Amino acid sequence: MWAKALLSQLAGVLFLPVTLALLAIVAWLLLQLGATLREAVERLMGRRARRDAGQAALADVAPGAPEGLMLRLEAAVLDAEAAAARRLNAVRFAIKVGPSLGLMGTLIPMSAALTGLAKGDLPSLAGNMVIAFSSTVVGIAAGVVAYLLTLVREDWTRRDLDALRLEADRLLQGEETGA
């Protein structure tokens with residue numbers, strides 16, 4: 001039964017890192033929630049920093065030689081899309097990792113709870129069950145918050161990238177007409 005003991009010890013060693021990682025994701029999501037609320041206020045006031053930065057990058061590309069303008073504009077749009085995807089992936093990561101860590105934080109103390117139950121140690125059982133269920137709730141809540149943030153940010157990103165593509169088309173049309 002050395003495998004059972006080894007797995008039990010490994011799970012016990014993982015409990016602290018899993019708990020710390022879950023708390024770190026919660027703290028990070030709170031920061032992301034604040035950043036999203038700040039951006040929402042700015043958007044309500046008509047300021048869209050990422051869209052404006054992308055349009056400025058397009059404007060910097062446009063004054064060059066007319067040869068290759070379409071490729072330069074396309075490269076600038078692709079750069080903006082890649083940066084947007086990186087920003088979204090950071091929050092998407094928490095959609096899956098939060099609940100996974102919550103599940104790990106649930107299962108690890110469950111083995112200690114079952115051991116307490118087998119020994120008739122009800123206070124140990126109760127304490128471990130509280131930790132287990134709390135980890136589940138926190139992990140699922142982290143996933144829900146990350147999902148909602150992702151929905152909002154994906155919508156904003158889609159709108160900003162559409163505006164950027166439209167600006168690239170406008171600059172390209174202006175070049176073709178000689179304006």
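The values are calculated or read from the model by the stated rules, or taken from the named source; none is laboratory data. Because the structure is a prediction, the values reported are computed rather than measured. Counting neighbours? That spans all protein chains shown, and the Cβs are built from the backbone with ideal geometry, glycine included.
Whenever a residue of the range 163-179 is more than 19 Å from ALA80 (Cβ to Cβ), its partners that are modelled with pLDDT under 85 and part of a helix (DSSP H, G or I), lying with C-beta atoms within less than 8 angstrom and at least six residues away or across chains, give the pairs GLU175/LEU69.
SER124 passes every criterion in (1) within 30 Å of SER8 (Cβ to Cβ); (2) in contact (Cβ under 8 Å) with a residue 60 or more places away in the chain; (3) among the hydroxyl-bearing types (Ser, Thr, Tyr) apart from (2). Taken together, the residues in the range 51-77 that are under 14 Å from GLU167 (Cβ atoms) and either among the hydroxyl-bearing types (Ser, Thr, Tyr) or in a helix (DSSP H, G or I) (or both) amount to 18.
Residue-by-condition table, conditions (1) at pLDDT 90 or above; (2) over 24 Å from ALA146 (Cα atoms); (3) out of contact with any helix residue (DSSP H, G or I) (no Cβ under 7 Å at 6 or more places or on another chain); (4) not hydroxyl-bearing (Ser, Thr, Tyr):
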{"site": "GLY54", "(1), (2), (3), (4)": "no, yes, no, yes"}
{"site": "GLU67", "(1), (2), (3), (4)": "no, yes, yes, yes"}
{"site": "GLY98", "(1), (2), (3), (4)": "yes, no, no, yes"}
{"site": "MET104", "(1), (2), (3), (4)": "yes, no, no, yes"}
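Against the condition closer than 30 Å to LEU14 by Cα, buried (at least 16 other Cβ atoms within 10 Å of the Cβ) and either of a type in the set (Lys, Arg) or out of contact with any Leu (no Cβ under 9 Å at 6 or more places or on another chain) (or both), how does ARG92 come out, does it pass? Answer is yes for this residue. Residues in the range 153-179 that are within 27 Å of TRP28 (Cα to Cα) and either surrounded by 14 or more Cβ atoms within 10 Å (Cβ to Cβ) or among the hydroxyl-bearing types (Ser, Thr, Tyr) (or both): ARG153, GLU154, TRP156, THR157, ASP160, LEU161.
Contact map, the range 82-104: first residue closer than 12 Å to GLU154 by Cα, second residue surrounded by 14 or more Cβ atoms within 10 Å (Cβ to Cβ) and of a type in the set (Gly, Ala, Ser), Cβ cut-off under 8 Å, separation 6 or more or different chains; pairs are VAL91/ALA146; ARG92/ALA146. A residue that is under 22 Å from GLY98 (Cβ atoms), modelled with pLDDT of 90 or more and not hydrophobic (A, V, I, L, M, F, W, C) cannot be found anywhere in the range 74-83.
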